[in-house]
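Colleague: First the structure, which I've put down as structure tokens, then a few questions once you've had a look.
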Amino acid sequence: MIGQNVARASQSGLRTATLLGRRTMVTQQERWTLETARNAGSYIDGPNKVQLSHVVPNIEASWKSLSKEEQYGVFRQLEELQRKDWKELSINEKKAAYFVSFGPHGPRKPITASGQGAKTFAGVVALLGVTTVVYYLMRANGGAPVKTMTKEWQEASNRIAIEQKQNPITGISSENYQGKGHVQSA
């Protein structure tokens with residue numbers, strides 16, 4: 001019984017996230033396993049039973065500090081509480097049940113940490129700055145432009161193209177051609 005519930009609890013969120021195409025950051029250490037369920041027995045009904053009255057009022061803050069076995073024990077105890085009439089549950093118990101089921105942990109844990117967007121933006125801007133500096137350093141130290149990029153060479157290429165009647169329909173050799181031909185330099 002416990003093993004089936006653990007398998008269902010640990011796999012359903014991951015399977016749902018996978019089917020929906022969401023990436024999750026559930027690690028092996030965070031996932032509830034059958035071993036977790038076996039070890040959590042004393043936290044559910046034993047001498048080390050987790051006292052919900054201590055955990056429930058501030059579950060959002062204390063959830064991360066609980067061991068996997070204690071988390072599973074709280075989960076099971078809240079599961080038992082939810083089988084009662086919901087009108088009998090306190091507001092804190094309802095909030096805790098919601099947090100354990102839908103809180104930002106396990107498969108719903110955010111992939112990126114807060115502030116990650118600003119770090120990514122700063123990194124992109126820094127890399128663009130570095131590439132711009134490298135580009136202008138290469139242009140400054142690259143030497144003279146090649147001789148085929150001079151205006152005289154390109155005008156000579158235009159004359160040769162007209163003599164050879166290159167592209168006589170719409171190109172440089174056509175009757176009403178208005179373009180610059182091979183001239184690219186200003």
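Colleague: Under a crude label model (7 Å from the Cα following the beta-carbon direction), how far is Ala61 from Tyr136 in nanometres?
Modeller: 5.2 nm
Colleague: Short version: ³J(HN,Hα) in whole Hz for each residue of segment 146-160, in order, from phi by Karplus 6.51 cos²θ - 1.76 cosθ + 1.60 (θ = phi - 60°), x for Gly and Pro, what are they?
Modeller: Using θ = phi - 60°, the values come out as 5, 5, 6, 9, 7, 5, 5, 5, 5, 5, 5, 5, 5, 4, 5 Hz.
Colleague: Follow-up. Rounded to whole Hz and in sequence order, give me ³J(HN,Hα) for segment 71-80 from the Karplus expression 6.51 cos²θ - 1.76 cosθ + 1.60, θ = phi - 60°, writing x for Gly and Pro.
Modeller: Along segment 71-80, the couplings run 4, 5, x, 5, 4, 5, 5, 5, 4, 5 Hz.
Colleague: How many nm separate the modelled label positions at Ala118 and Phe102, each set 7 Å beyond the Cα in the direction of the Cβ?
Modeller: 3.0 nm
Colleague: While we're looking at this one, here's another question. If you filter segment 79-186 for chymotrypsin sites (Phe, Trp or Tyr not before Pro), then keep DSSP loop positions with at most 16 other Cβ within 10 Å, what is left?
Modeller: Tyr177
Colleague: Something else about it: Exactly which GluC sites (Glu not before Pro) in segment 49-119 are in a DSSP loop and have at most 15 other Cβ atoms within 10 Å?
Modeller: Listed in order of number, the matching sites amount to none.
Colleague: Run the numbers for Lys84 and Tyr177: contour at 0.36 nm per residue of separation, minus the present Cα-Cα distance, in nm.
Modeller: My answer for the length gained is 24.6 nm.
Coordinate-derived values only; no laboratory data. This is a predicted model, so every value here is computed, not measured. Glycine gets a Cβ as well: all are built from the backbone with ideal geometry, and neighbour counts include every protein chain shown.
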